[in-house]
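J.: Next up is a structure, given as structure tokens.
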Amino acid sequence: MNQVRTRFPPSPTGFLHIGGARTALFNWLFTRHHGGKFILRIEDTDVTRSTEEAVNAIIDSMQWLGLNWDEGPFLQSKRLAIYQEHVEKLLSRGKAYRCFCAPEELEEKRKRALQEKKKPKYDGKCRNLSSPYPDGPYAVRFKGPEEGRTVVEDLVKGRIVFENEELDDLIIQRSDGMPTYNFAVVVDDGTMGITHVIRGDDHVNNTPRQILLFRALGYPLPHFAHVPMILGSDRTRLSKRHGAESVMAYKEMGYLPGGLLNYLVRLGWSFGDQEIFSIGEMIEKFSLENVGKSAGIFNPEKLRSINGDHVKVREASKLVPLVLPFIKAKGYDIVEGEKLNKIVDILKGRSKTLVEMADQAEFFFKEEIEYDEEAAKKFLRPEAIDVFEELIEGLKGMEIMSEAEVESLLRGVAERREIKLVKVAQPVRVALTGFTASPGLFEVIDILGKAQTIKRLEEASAFIRSSVARPGGENED
Ligand code: GLU
């Protein structure tokens, strides 16, 4: 195979969404697998709908995902002279013609065809005009073949045959001088030497038109691979309604790029029954042969769970800088260091996202623990005061606090009372974290440190005393 050259050409009319990200990913994986070049192109010729903000959002999203490109970003709006040159080439070769039909006239004919239950199609009124041309604005149309067939040998869908008479003489340049999508895309793919066009199958019907344009312009045909769309759970086009957001919203929700990409690669591609892939494995194993023929159904829960698998296996030191902004956003002025490393290490197996991790880490940084109401009712009872006091004494007597020593201290307290460890552990857990569920208690104490643990146990004792003293206090029974 010649060097593979692919492209991702989003239209900057909004943020990069899940579907676009998957298209970009497939192109990127295919290119990296074959050691080729991946090109980023921005299709911004629709000036009314394109915005600079969207261009930046697309670039930010690609960068966050780590889908690096080798050439570009090329903006179509900066390439107008190139399209013009190609329009003139087709005009001079008699493969395109000027069309002076007014938009209202075309619209009138379109409506009439629909009323007569015919497929609307340009009637070729200007197809054989020659100079002198009428005055007034004109569009340029491609002079397509009136008979024969155009065959798409799709790498995913197989052979698709189109009757040329079904294909309109499409407009390649509007009367304002702007190229249309089908034309600009072929000029770009042709001049950029694209070898593989991998895109959503909503573009299948454009492909025969593009093939005809490639031939008319004399550019070699790329291979086409049309990937089935991603649908929502009700099998309609994916939208916000299905919980699908822009790529950057997933960043804000605390997803890892690797988790999101892993989920996306499996929506439409498979490798046996393997679910979890590192980026390296995706590159190594990706092939167009294993792209499925049916639509992928977006499942936010599955995405969360796959992300959780990625969080779990990531080294704590790599997660620390990623989770830090989420913790800071909660108003805690903390810094990277051993403590945060340990916190992340004990939380990474319990958090599906960085947001969850930051939530679960919060009790470590709180000045004052708020007790969950149910948990306090059940475990912060007068008999716990005694346990807390014994623990405080024990902790004070420790020269250097370690997880092992903390464990034997707690076990000793339980043994002396002839009660199970959990009977000691639960009140302590509520005192230290506010909740009945938390990571391992010995680790929690080790991370909190002696002074903070003692402070929280003392505060919990004070809380119990004040609840008992309160008339109707919950601990009166
Ligand atoms: N701008 C088009 C889109 O976003 C690109 C289609 C193509 O890949 O040719 O759908």
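J.: Placing +1 at every Lys and Arg Cβ and -1 at every Asp and Glu Cβ, with all other atoms neutral, what dipole size does region 150-263 have around its Cα centre, in debye to the nearest 20? Mind showing how you got there, number by number?
T.: Details: 11 positive and 15 negative charges, 86 e Å.
Here the size comes out at about 420 debye.
J.: Taking 20 °C and 1.002 mPa s as the conditions, I'd like the Stokes-Einstein D for the chain in µm²/s, using the Kirkwood hydrodynamic radius from alpha carbon pairs. Before the final figure, lay out the partial values.
T.: On the way: Rh = 27.1 Å.
Estimated via Stokes-Einstein, D reaches 79 µm²/s.
J.: Just name one of Ile59, Phe8, Leu29: the one whose Cα is farthest towards the positive end of the charge dipole of region 1-68 (beta-carbon charges, Lys/Arg +1, Asp/Glu -1).
T.: Of the candidates, Leu29 comes out farthest on the positive side.
J.: Mind checking which helices in the chain clear 30 Å along their axis (Cα) and have mean Kyte-Doolittle hydropathy of 1.6 or more, DSSP H runs only?
T.: Numbers: long enough: none.
In the chain, no H run is both long and hydrophobic enough.
J.: Here is a follow-up. Using the Cα centre as the reference, give the magnitude of the dipole from point charges on the C-beta atoms of region 36-115 (Lys, Arg: +1; Asp, Glu: -1; all else neutral), rounded to the nearest 20 debye.
T.: Details: 13 positive and 14 negative charges, 119 e Å.
The dipole of region 36-115 has a size of about 580 debye.
J.: I've got another one for you. Report, ordered by chain and residue number, the lysines lying within cross-link reach of Lys293, taken as a straight Cα distance under 27 Å and ignoring same-chain residues fewer than 8 apart.
T.: Output for Lys293: Lys37, Lys157, Lys240, Lys285, Lys302.
J.: Hey, can you grab everything whose amide H is under 5 Å from the amide H of Arg7? Only 5+ residues off in sequence or another chain; H modelled, so Pro and N-termini drop out.
T.: Amide H neighbours of Arg7: Ile39, Ile198.
J.: Also: Projected onto the charge dipole of the chain (+1 at Lys/Arg Cβ, -1 at Asp/Glu Cβ, origin at the Cα centre), which of Tyr138, Ala249, Val424 gives the Cα projection farthest towards the positive end?
T.: Most positive-ward Cα: Tyr138.
J.: Separate question: Determine the calculated [θ] at 222 nm for the chain from helices alone, applying -39500 (n - 2.57) to every DSSP H run no shorter than 4 residues and normalising by the residue count; nearest 500 deg cm²/dmol.
T.: Numbers: 19 runs with 228 residues, N = 477.
That calculation yields -15000 deg cm²/dmol at 222 nm.
J.: Given the Cα-Cα distance of Val313 and Lys89 and 0.36 nm per residue of separation, how much length would full extension add, in nm?
T.: Numbers: separation 224, 0.36 × 224 = 80.64 nm, distance 5.63 nm.
Between Val313 and Lys89, full extension yields an extra 75.0 nm.
J.: Give the relative contact order (percent, whole number) for region 161-298; include only Cα pairs under 8 Å separated by 6+ residues. Could the numbers behind the result be given before it?
T.: Details: 128 pairs, mean separation 30.1, N = 138.
Relative CO of region 161-298 lands at 22 percent.
J.: Among the trypsin sites (Lys or Arg not before Pro) in region 1-102, which ones are in a DSSP loop with at most 14 other Cβ atoms within 10 Å of the Cβ? Mind listing them?
T.: Values: sites: Arg5, Arg7, Arg22, Arg32, Lys37, Arg41, Arg49, Lys78, Arg79, Lys89, Arg93, Lys95, Arg98; in loops: Arg49, Arg79, Arg93, Lys95.
Counting only loop positions with at most 14 other Cβ atoms within 10 Å, the trypsin sites (Lys or Arg not before Pro) in region 1-102 are Arg49, Arg93.
J.: Place a +1 charge on the Cβ of each Lys and Arg in the chain and a -1 charge on the Cβ of each Asp and Glu, then give the dipole magnitude about the Cα centre in debye, rounded to the nearest 20.
T.: Rounded to the nearest 20 debye, it is 2080 debye.
J.: May I ask you to give the solvent-accessible area per residue for the chain, in square angstrom, as obtained with a 1.4 angstrom probe? Please report the intermediate quantities before stating the final value.
T.: Values: 23430 Å² over 477 residues.
With all protein chains present, the chain gives 49 Å² per residue.
J.: A follow-up question, please. Would you mind telling me the antiparallel percentage of the DSSP bridges in the chain, rounded to 5? Walk me through the numbers before you get to the answer.
T.: Values: 16 of 32 bridges.
Approximately 50 percent, going by the DSSP bridge assignments.
J.: Sticking with this structure for a sec: Using the Cα gyration tensor of region 352-477, with a ≥ b ≥ c the square roots of its eigenvalues, what is the shape: rounded (a/c below 1.5), prolate (a/b larger than b/c) or oblate (neither)? Don't jump to the answer; show the numbers that get you there.
T.: Working: a/c = 1.65, a/b = 1.08, b/c = 1.53.
It is oblate, given that a/c is not under 1.5 and a/b is not larger than b/c.
J.: Could you give the distance between the Cα centres of region 175-251 and region 320-340, to the whole Å?
T.: Centre-to-centre (Cα) distance: 41 Å.
J.: For region 71-174, just say rounded, prolate or oblate: build the C-alpha gyration tensor, square-root its eigenvalues into a ≥ b ≥ c, call rounded for a/c under 1.5, and beyond that prolate if a/b exceeds b/c, oblate if not.
T.: Details: a/c = 1.66, a/b = 1.03, b/c = 1.61.
Judged from the Cα gyration tensor, region 71-174 comes out oblate (a/c at least 1.5, b/c at or above a/b).
J.: Over the chain, calculate the relative contact order: mean separation of alpha carbon pairs under 8 Å at least 6 apart, over the residue count, as a percent. Show your work: numbers first, answer last.
T.: Working: 693 pairs, mean separation 56.5, N = 477.
Once normalised by length, the contact order is 12 percent.
J.: Consider just the alpha-carbon atoms of region 297-421 and return their Rg together with their Dmax, both in angstrom.
T.: According to the Cα coordinates of region 297-421, Rg and Dmax are 18.3, 59 Å.
J.: Moving to a separate point now. Tell me, for the chain, which Cys residues have no other cysteine's C-beta sitting closer than 4.7 Å.
T.: Cys101
J.: Another question about this same structure. For region 202-315, give the percent of accessible area contributed by carbon and sulfur heavy atoms, probe 1.4 Å, rounded to a whole number.
T.: On the way: 2620 of 5140 Å².
Carbon-and-sulfur percentage of accessible area, whole number: 51.
J.: Here is a follow-up. Specify which residue in the list Ile400, Phe365, Ile230 is farthest towards the positive end of the charge dipole of the chain, using unit charges on the beta carbon of Lys, Arg (+1) and Asp, Glu (-1), about the Cα centre.
T.: Most positive-ward Cα: Ile230.
J.: If you average the alpha carbon positions of region 405-477 and of region 109-134, how far apart do those two centres end up, in angstrom?
T.: A separation of 83 Å, based on Cα centres.
The values are calculated or read from the model by the stated rules, or taken from the named source; none is laboratory data. On a predicted model such as this, the values are computed, not experimentally measured, just so you know. Cβ coordinates were reconstructed from backbone atoms using ideal geometry, including for glycine residues, and neighbour counts include every protein chain displayed. When the accessible area is computed, the model is the full protein with side chains, heavy atoms only, and any ligands, DNA or RNA have been set aside. Shrake-Rupley method; radii C 1.70, N 1.55, O 1.52, S 1.80 Å.
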